[in-house]
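Note sheet for the following structure.
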Amino acid sequence: MTRTAAPVQALTVETTPLDDVRRLIPFLDADRPLLWQRGAGENLAGIAGLGEALRLEFSGPTRVADAAEAWRAISAAAHVVDPLRVPGSGLVAFGTFAFADDSAATSVLIVPALIVGRRDGQSWLTRVSVAGGDQRVSEAQVPSSTSLGASFGLTMTPGELTAGGYGDAVAAVVDRIAAGEVEKVVLSRLLRAELPQGADVRHALGELAGGYPDCWVFVVDGFLGASPETLVRVSEGRVTAQVLAGTAARGADDDTDAGAAAELAASAKDRSEHAFAVDSVLDSLRPHTTGLRASDPFTLQLPNLWHLASDVAGTLSDGCSALDLVDALHPTAAVAGTPRQTALAVIRELEPFDRGRYAGPVGWIGADGSGEWAVALRSAQIADADGHRTVTAFAGGGIVADSDPVLEVAETTMKFRPIVDAFS
Ligand SMILES: C=C(O[C@@H]1C=C(C(=O)O)C=C[C@H]1O)C(=O)O
């Protein structure tokens, strides 16, 4: 069910080249930032959005399918001039979707009025106007970067589920697995803080971008993060993904660090946890692709931890858009579990909070159905409540038969680090 189904809007879209842009964050509107980026300096790739030409809201079990359908109609009705034709140029919408079918969080697609982008050394500006609106495009609409407000530091504290409570929930899942009820369940917990008046969240985005250049750094509708996990990417008929599941702490020196990675790669527990996630992605993509393959699992190094990772690639066979594939994929066993429906029921029972958009799909879609979507991990939601602004961070982990509650609590603490550091 979609809460607000907008009539199809005819958008006029024009992309023009810009002089080289090396930073996107200073262009953002401090109050309503929209960002999707990866890399830094010469290798920066991404898009920054300003204003809202169009905002579509979705909810319920068909939220992603509804968005995919609405986007097809909007793309077909749009008039797009895009001489660059690189991923992210021309007409794009930023999107963030709730994890759960029954979540109170709104899922959105937002087409900004202005987009500053950079990819493969090319920079551009895209202007979007709604039919009937003011079609005149003036130089005044070229955004300028602004200096960031005063820096701030927060201390985040546990929300509904304390670290101890999380350990108990992990133990309960291990019991359910032993009883043969379910094979894998991904549990999570949260941390919360109040944002000081006037806090400029672009500071936090800058920290995430500087600290995690190999992750997707995003903010859409107050939901931000630095996710290492690519849910799906569609470009020129190629479909790719990078599945992550299985985690280890970084070592204190080169030797222990290499040892930690080797131990992770050899761990039967982590390999089984990883295999569930890869299988769920392959099963979801197979009907839409040919030549679909997964690499052997390898260790992926991040500043705060190691992950087991597998690259998945295939050729799109049925003209599906990136959002159609997101609909087919979500939620993967990296964030829900196996079997999916039983795992979701256990999550609903043991997590005393709504995940909102955490672990849901976040990314962008283009007019031709191309796009990049991440699993929204290492993330936090900024919300207005009674005149206060709060920030709620989420982190979780996959629980399998031989998971240890103490280690699982420690794993979530590692996974909170990007957000906790960005706000401290
Ligand atoms: C659930 C999270 O991460 C997921 C779970 C992982 C695991 O259990 O090892 C690893 C990567 C992610 O797919 C999270 O970061 O909150």
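Which of (1) away from the ligand (no atom under 14 Å from the Cβ); (2) surrounded by fewer than 24 Cβ atoms within 10 Å (Cβ to Cβ); (3) at pLDDT 95 or above is the odd one out, the single condition Thr338 does not satisfy?
If we test Thr338 against (1) away from the ligand (no atom under 14 Å from the Cβ); (2) surrounded by fewer than 24 Cβ atoms within 10 Å (Cβ to Cβ); (3) at pLDDT 95 or above, just (1) comes out false.
Kindly list the number of the only condition in (1) within 15 Å of the ligand (Cβ to nearest atom); (2) within 13 Å of Arg233 (Cα to Cα) that fails for Val326.
(1) is the only condition that Val326 fails.
Taking only pairs six or more apart or across chains, which ones have beta-carbon atoms under 8 Å, a first residue in region 276-290 that is charged (D, E, K, R), and a second residue that is surrounded by fewer than 23 Cβ atoms within 10 Å (Cβ to Cβ) and assigned to a helix (DSSP H, G or I)?
Hits for this filter: zero, empty list.
Consider region 348-382. How many of its residues are away from the ligand (no atom under 12 Å from the Cβ) and closer than 29 Å to Leu91 by Cβ?
Here the count works out to 17.
Restricting attention to region 252-261, does a residue exist that is within 14 Å of the ligand (Cβ to nearest atom) and either surrounded by 23 or more Cβ atoms within 10 Å (Cβ to Cβ) or not aliphatic (A, V, I, L, M) (or both)?
No: zero hits.
Need at least 1 residues that are within 19 Å of Gly356 (Cα to Cα) and not aromatic (Phe, Trp, Tyr) per element, so show me which strands (runs of 3 or more DSSP E) inside region 30-71 make the cut, counting only ones lying wholly within it. Before the answer, list the steps.
Details: elements: 34-38, 45-50, 54-58.
Ranges flagged: 34-38, 54-58.
The values are calculated or read from the model by the stated rules, or taken from the named source; none is laboratory data. Keep in mind the model is a prediction, meaning the values are calculated, not measured. Note: ideal-geometry Cβ built from the backbone for every residue, glycine included; neighbour counts use all protein chains shown.
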